[in-house]
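Report on the structure given below.
The numbers here are math on the coordinates, done by the rules we state, and not lab data. Everything quoted here is computed from the prediction, not taken from an experiment.
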Amino acid sequence: MIRPIAVLVAGMLLSRPGMPKDEANRYARVLAEVAAARGFDPLIAVAIVHFETQWRPTLVSADGEDHGLGQVRARFAGACRDDADPVNAPSEACQRVKDSLLDGATNLRRMGAIIAANMEFCKVRTGSTKAERWLSGYQGYGDPERGRFCEPGPKTRIVLDYYKELVAKLAPPPKPAPKPKATRPPPPDHGAEPTRAAPPTSPDRGAKTQAAKKLETTKKAPRAKASKAHATRPSQRKTR
């Protein structure tokens with residue numbers, strides 16, 4: 001998982017407020033690169049280091065076994081594996097390994113490799129790569145003699161609870177966008193009268209067109225002439 005560098009730096013400063021910004025940025029870039037390559041959330045690593053060393057890179061455990069930011073056990077790293085007593089009588093090669101683990105960037109890279117190895121181991125043994133599984137392996141929980149592998153312990157829960165706090169405080173998931181409200185068409189206004197088309201204008205039945213008047217005059221003219229002819233026609237009665 002990818003986290004912004006600023007988020008990782010903020011998480012580191014919660015553990016060690018006085019850490020120089022350039023140191024925190026250097027660790028954050030290394031951790032982001034390692035986490036992306038190995039497939040885990042870098043904020044879990046921030047939580048692990050918080051409980052291991054509070055981001056103090058040169059810290060060594062009281063028994064001399066664990067070194068640096070992530071408290072990497074030196075006897076299982078590089079040349080120290082071949083030493084009979086890597087704690088009290090390390091070889092020169094083993095001592096160089098132990099010294100390198102006190103470099104913050106080197107320690108974080110080694111830490112990422114250990115996380116990846118535990119993820120693969122838990123996948124084979126339990127079929128799961130959940131953080132609670134591989135983190136328990138990183139912390140040393142388990143009993144191979146009894147066939148118990150990748151079983152979370154008390155410190156596992158503590159680290160995971162703190163990790164959840166970091167996520168909630170520094171990288172909360174975005175809130176879902178509100179769903180748009182469905183718009184409804186306005187209800188019909190039953191109180192208003194519907195608009196009606198105006199009826200076509202009827203012609204003035206009392207009015208006559210000029211053509212109609214002319215035709216009427218033409219029809220009346222012969223009657224007038226006939227009437228006049230009847231009036232002037234000589235009587236056809238015989239006189240006695």
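For residue 72, the amide hydrogen comes within under 5 Å of the amide hydrogens of 67, counting only partners 5 or more places away or on other chains and with H modelled in the peptide plane. Taking the three principal axes of the alpha carbon atoms in the stretch 121-162, the coordinate ranges are 29, 19, 10 Å, sorted in descending order.
Based on every Cα atom in the stretch 1-144, Rg and the maximum pairwise Cα distance Dmax equal 15.2, 43 Å. Distance cut-off 23 Å, Cα to Cα: go down the list 130/155; 98/164; 21/155; 155/175 and report the pairs above it. Violating the 23 Å Cα-Cα cut-off are 98/164; 21/155; 155/175. The C-alpha atoms of the stretch 71-183 occupy a region whose extents along the principal axes are 79, 36, 22 Å, arranged from largest to smallest. The stretch 1-56 and the stretch 75-91 have Cα centres spaced 29 Å apart. Of the two radii for the stretch 31-111, the radius of gyration is 1.00 times the Kirkwood radius, both from the alpha carbons; that is the Rg over Rh value.
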